[in-house]
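Just so it is clear, none of the values below were taken in a lab; they were calculated from the coordinates. Remember, predicted model here, so these are calculated numbers, not experimental data. Virtual Cβ from ideal backbone geometry, glycine too; neighbours counted across all protein chains shown.
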Amino acid sequence: MEAYLVVLVAIAGIAHSNEHGPMCSRNGTEMPGFTDSMRHEFLAMHNVYRSMLALGHIRISEEPEYYDDYSSYDSLYAPTASRMRYLEYDCEAEKSAYMSARNCSDSSSPPEGYDENKYIFENSNNISEAALKAMISWAKEAFNLNKTEKGEGVLYRSNHDISNFANLARDTREKFGCAVVNCPLGEIDATTIYNGEAYATAIHVVCHYPKIEKEENQIYKVGKPCDDCSEYKKEADNTTSADPVCRADDGVCKIGSQDVDFHGRWKYIRLFRDL
């Protein structure tokens, strides 16, 4: 039997289709098990998190037992974002994430051109649980943000252990893709063939994001949600496109003809709210 299983995750087991959704049909031969309904779940988790961050609903500090003169409720949460972009799912990024995940390496080694988030869930073959835990793990890095830093932007600093959070939260990001691979433990990779033998597994969850320079650059621009979405207004062939759309209750900038889909948003809101 094949010693690997590549599946992108339907977190709640809900089949979902959308004619405007991501289509990666050409990936089917080398990545069996991938479906658009599964991709929508990763897309929803990313965009719900970005929406909550933009609206100021992501906690970055534990709530104190009591408040004093130097504490405030607002300090518990990351500042709001003024131009948080709605992400699209990208098939090329997915393929890149798959190639990285199938190596079954414990270390992160993204190819040139991509930033990488990786999570390893050992001694389990529960892929849905692994994907969910990956998102939670990456999101929890928000607690490492510099809570005293003031200014118009939340800055990236490599010594703050926030690289995975930064990949989720970078406001100018346009797209991403993910893969999940069930790897055998040990000095072998996911392409190894077994003869029906039982073996321990580790699930590798990898998401790739087109590379952005990080150090000392802002992760996102601080301000009133939606206020600076106009910065994404595009011009082509001397024709100006329509202004980006941003609804006050979402806080994310919808570009062009994007179909904003927060499928299953409430289960994810509860998930990220309770971190």
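Taking θ as phi - 60° and the Karplus parameters 6.51, -1.76 and 1.60, the scalar couplings of the stretch 37-53 work out to 4, 5, 4, 4, 5, 4, 4, 5, 4, 5, 6, 5, 4, 5, 5, 5, 5 Hz in sequence order, x denoting glycine and proline. Sorted fewest first by neighbouring Cβ atoms within 10 angstrom, H40, H204, H57 come out as H57, H40, H204. Taking other Cβ atoms within 10 Å as a rough exposure proxy, S124, S109 sort from fewest to most as S109, S124. Annotation: the residues E88, E231, E41, sorted from fewest to most other C-beta atoms within 10 Å of their own C-beta, follow the order E231, E88, E41. When the C-alpha to C-alpha distance is required to be over 28 Å, the pairs from K211/K233; K211/K267; K118/K224; K233/K267; K224/K254; K214/K267 that qualify are K211/K267; K118/K224; K233/K267; K214/K267.
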